[in-house]
Amino acid sequence: RKEVEQDPGPFNVPEGATVAFNCTYSNSASQSFFWYRQDCRKEPKLLMSVYSSGNEDGRFTAQLNRASQYISLLIRDSKLSDSATYLCVVNGRGQNFVFGPGTRLSVLP
Amino acid sequence: DGGITQSPKYLFRKEGQNVTLSCEQNLNHDAMYWYRQDPGQGLRLIYYSQIVNDFQKGDIAEGYSVSREKKESFPLTVTSAQKNPTAFYLCASSISGHANQPQHFGDGTRLSIL
């Protein structure tokens, strides 16, 4: 089983839609969780950290379920500019980060 | 402006040649990292350094070497022993090497074989 798994998509949604991504991780000792976004042929950029109680940043909501070992990202009122690949990042064994393969989102006009 | 600078943006390597990718940061971060990304895949850790003059192998260190002589610089050498070097190389840094600190990335170097 891979350390971090994501649905590769692509998710094709109309503008204004709500879309949710899930990410599962295998290391039950993981303590740090992040979502990054990566535009085509660009570097990943930090979108948000994920806290145990869940957290929100504008249209973006991140949640953590430790018992089931997954994190989620919810995007409300999708914009064209949200089109990107969303990377789930978890700290693995030895504290290093493990990046998921990413979920591609296309927001359509 | 504070940030992480990678150069060159594009690099071509001949068979049997070593090439060095530059990564410089002026964020005063202690920890620095090198990843490679292949099409459709996640980032894989090559090497990381949590402090000057110290570095550790990541998951795919074979065929690569690094140095960390200065806090702000973490160059990566792709040696001729790396048989499949074509990839997108990303350098990152974080305030410390602790897992709760997010990593911030440079804009990458694309390496191709001639």
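Values in this text are rule-based calculations from the coordinates and carry no lab data. Keep in mind that what you see is a predicted model, and the values were worked out from it rather than measured. We place every Cβ from the backbone using ideal geometry, glycine too, and count neighbours over all the protein chains shown.
Of all residues in region B:37-50, those being touching a residue at least 24 places away in the same chain (Cβ under 8 Å) and either of a type in the set (A, V, I, L, M) or in contact with a Pro (Cβ under 7 Å, 6 or more places away or on another chain) (or both) number 2. Is it fair to say A:Leu105 is in a strand (DSSP E or B), out of contact with any helix residue (DSSP H, G or I) (no Cβ under 9 Å at 6 or more places or on another chain) and surrounded by 13 or more Cβ atoms within 10 Å (Cβ to Cβ)? The answer is no for A:Leu105. Checking the condition at negative phi and without any contact (Cβ under 8 Å) to a residue 40 or more places away in the chain, which residue from A:Asp39, A:Asp57 passes? It is A:Asp57. Among the residues of region B:77-84, is any of a type in the set (Lys, Arg) and in a strand (DSSP E or B)? Among the residues of region B:77-84, not one is of a type in the set (Lys, Arg) and in a strand (DSSP E or B), which makes the answer no. If you go through region B:33-52 and pick out every residue that is of a type in the set (A, V, I, L, M, F, W, C) and within 10 Å of chain A (Cβ to nearest Cβ), you end up with 2.
Within region B:13-25, the set of residues being surrounded by 13 or more Cβ atoms within 10 Å (Cβ to Cβ) and more than 16 Å from the chain's Cα centre (by Cα) comprises B:Arg13, B:Gln17.
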